[in-house]
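K.L.:
Handing you this structure, nothing more for now.
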Amino acid sequence: MDRSGPVGFFDSGLGGISVLRETVRLLPQEDYLYFGDSLHAPYGVKAPEEVVELCASAVEHLLSQGAKAIVLACNTATSVAAAALRQRYPNLILIGTEPALKPAVERHPGGRILVMATAMTLKERKFFDLWNQFRDQAEIIPVPCSGLMEFVEQGILRGEQVEQYLMERLTPFMKVPVDAVVLGCTHYPFLRGVIRKLVGRRTEILDGADGVARQLCRRLEEENLLSCRTEQGTVTFQNSLDGPEILELSEKLLHYQDET
Ligand code: DGL
């Protein structure tokens, strides 16, 4: 691996940009190559074997362009495909994403915690193990949100439609106070403003982006692959959907402020 190569990012669509922007903040001197598979989104409703194959071809696509590490910036893809990918590429630095349940439980012991994610993420073994690990320490309530990532793919980050969707999903759980909401899909941080409006100020909203960025930094350091340049690196977007609109939306999301 060449330390001057880019860090490859991959998601079923544009959600992984919420992880990318955090990583750029932590490691600004790196180059980044982001591939969004919006043509095949959402992954959460597909057969697991198909998701594994889509992830494998995305990884190939990024490696063929010199990626020195890959961030699987998608909870669904990580739950279903990370183990198979690690087997296929044993020497590759591959960083996955999982719902930030550990920090949520540490910050709210004995609390009431909602975990919003795709139905597939919540059904997979990986989430079951996570839930099993922490279920004695907090009340953990999974909230499947099929259909929610599609708003972000269309650039709908606020407004009546998305508020209505979230109100239907979240209000049944809000009769009793909620201490934390874990955003277990990388698309959801872009909807933080609307979610905040519904859950109020005293509920903490957490995502896993910061943990992923720090883990990537650690692994690159261990392998002596951190870029040695001092100036700002570049961010390049690619997408399986043809057309300039999706790339424009990607750029916009990279600079989007969720809660203003
Ligand atoms: N961003 C993906 C995740 O973190 C979206 C899932 C999907 O494509 O269904 O799970």
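The values are calculated or read from the model by the stated rules, or taken from the named source; none is laboratory data. Bear in mind that the values here come from a model prediction, so they are computed numbers and not experimental data. Please note: Cβ atoms are built from the backbone with ideal geometry, for glycine as well, and neighbour counts cover all protein chains shown. For the accessible areas, the whole protein counts, side chains as well, though only heavy atoms, and no ligand, DNA or RNA atoms are used. Shrake-Rupley method; radii C 1.70, N 1.55, O 1.52, S 1.80 Å.
K.L.:
Using r as the Cβ-Cβ distance of Ala56 and Arg201, and R0 as 30 Å, what FRET efficiency do you calculate, to the nearest 0.05?
P.N.:
Between Ala56 and Arg201 the formula returns 0.10.
K.L.:
What is the Cα centroid distance between segment 43-65 and segment 111-172, reported in whole angstrom?
P.N.:
If we compute the Cα centre of each part, the gap is 23 Å.
K.L.:
Pick out which of Ala104, Ala47, Ala77 has the largest mean-square fluctuation in a Gaussian network model of the chain, springs linking Cα atoms closer than 10 Å.
P.N.:
Ranking Ala104, Ala47, Ala77 by mean-square fluctuation puts Ala47 first.
K.L.:
Could you give me the ³J(HN,Hα) list for segment 11-18, computed from phi with Karplus coefficients 6.51, -1.76, 1.60 and θ = phi - 60°, whole Hz, x at Gly and Pro?
P.N.:
8, 5, x, 9, x, x, 5, 5
K.L.:
Using a 1.4 Å probe on the protein heavy atoms only, what accessible surface does Val71 show? Give it in Å² to the nearest 10.
P.N.:
So the heavy atoms of Val71 present about 0 Å² to solvent.
K.L.:
While we're looking at this one, here's another question. Can you give the local net charge around Ser79? Use residues other than it whose beta-carbon is closer than 15 angstrom to its beta-carbon, Lys and Arg +1, Asp and Glu -1.
P.N.:
Taking every other residue near Ser79 into account, the sum is -1.
K.L.:
Per residue, how large is the accessible surface of the chain? Use a 1.4 angstrom probe and give square angstrom.
P.N.:
With the other protein chains kept in place, the chain gives 45 Å² per residue.
K.L.:
If I model the chain as equal point scatterers sitting on the Cα atoms and use the Debye formula, what is log10 I(q)/I(0) at q = 0.10, 0.11, 0.16 Å⁻¹?
P.N.:
-0.47, -0.57, -1.21
K.L.:
Another question about this same structure. In nm, what is the difference between 0.36 nm times the number of residues separating Leu39 and Asp210 and their Cα-Cα distance?
P.N.:
58.8 nm
K.L.:
Indicate the gyration tensor shape class of segment 131-260 (rounded, prolate or oblate), computed on the Cα atoms with a ≥ b ≥ c the square roots of the eigenvalues: a/c under 1.5 is rounded; otherwise a/b larger than b/c is prolate and the rest oblate.
P.N.:
oblate
K.L.:
Order the following by accessible area, largest value first: His255, His108, His40, His187. Probe radius 1.4 Å; ligands, DNA and RNA are ignored.
P.N.:
Reading off the accessible areas and sorting them downward yields His255, His40, His108, His187.
K.L.:
Find how much the distance from Leu247 to Arg86 grows on full extension, using 0.36 nm per residue of separation minus their present alpha carbon separation; answer in nm with one decimal.
P.N.:
Gain in length upon complete extension: 55.1 nm.
K.L.:
Heavy atoms of the protein only, probe of 1.4 Å, neighbouring chains included. What is the accessible area of Ser4 in Å², nearest 10?
P.N.:
Ser4 has an accessible surface of roughly 80 Å² with all protein chains in place.
K.L.:
Next question. Within segment 77-161, which trypsin sites (Lys or Arg not before Pro) sit in a loop by DSSP and count at most 14 neighbouring Cβ atoms inside 10 Å?
P.N.:
Answer by residue number: Arg135, Arg158.
K.L.:
Right, something else. So for the chain, averaging the separation of alpha carbon pairs under 8 Å that are six or more residues apart and normalising by length, what relative contact order in percent results?
P.N.:
Relative contact order comes out at 30 percent.
K.L.:
Calculated FRET efficiency, Ala119 and Ser4, Cβ-Cβ r, R0 41 Å, to nearest 0.05?
P.N.:
Details: r = 41 Å, r/R0 = 0.99.
Approximately 0.50, to the nearest 0.05.
K.L.:
Report the label-to-label distance for His255 and Ala47 in nanometres (one decimal), using points 7 Å from each Cα along the Cα→Cβ vector.
P.N.:
Rounded to a tenth, the inter-label distance reads 4.4 nm.
K.L.:
Once both labels are modelled 7 Å past Cα along the beta-carbon direction, what's the Glu163-Glu139 spacing in nm?
P.N.:
Going by the 7 Å Cα→Cβ label model, 2.8 nm.
K.L.:
On to the next question. I want to verify the translational diffusion coefficient of segment 1-138 in µm²/s; compute it with Stokes-Einstein, Rh as the Kirkwood radius over Cα pairs, at 10 °C and 1.306 mPa s.
P.N.:
Using the Kirkwood radius from Cα pairs, D works out to 100 µm²/s.
K.L.:
Report, to the nearest whole %, how much of the accessible area of segment 41-154 belongs to carbon and sulfur atoms, 1.4 Å probe, protein only. If you can, show how the numbers build up before the last one.
P.N.:
Details: 2430 of 4880 Å².
So the carbon and sulfur contribution to the accessible surface is 50 percent.
K.L.:
Further question: Using helices alone, what [θ] at 222 nm do you get for the chain, with -39,500 (n - 2.57) per DSSP H run of 4 or more residues, divided over all residues and rounded to the nearest 500?
P.N.:
-12500 deg cm²/dmol
K.L.:
Of all alpha-carbon pairs in segment 221-260, indicate the percentage at a distance above 12 angstrom.
P.N.:
I get 72 percent for the Cα pairs in segment 221-260 exceeding 12 Å.
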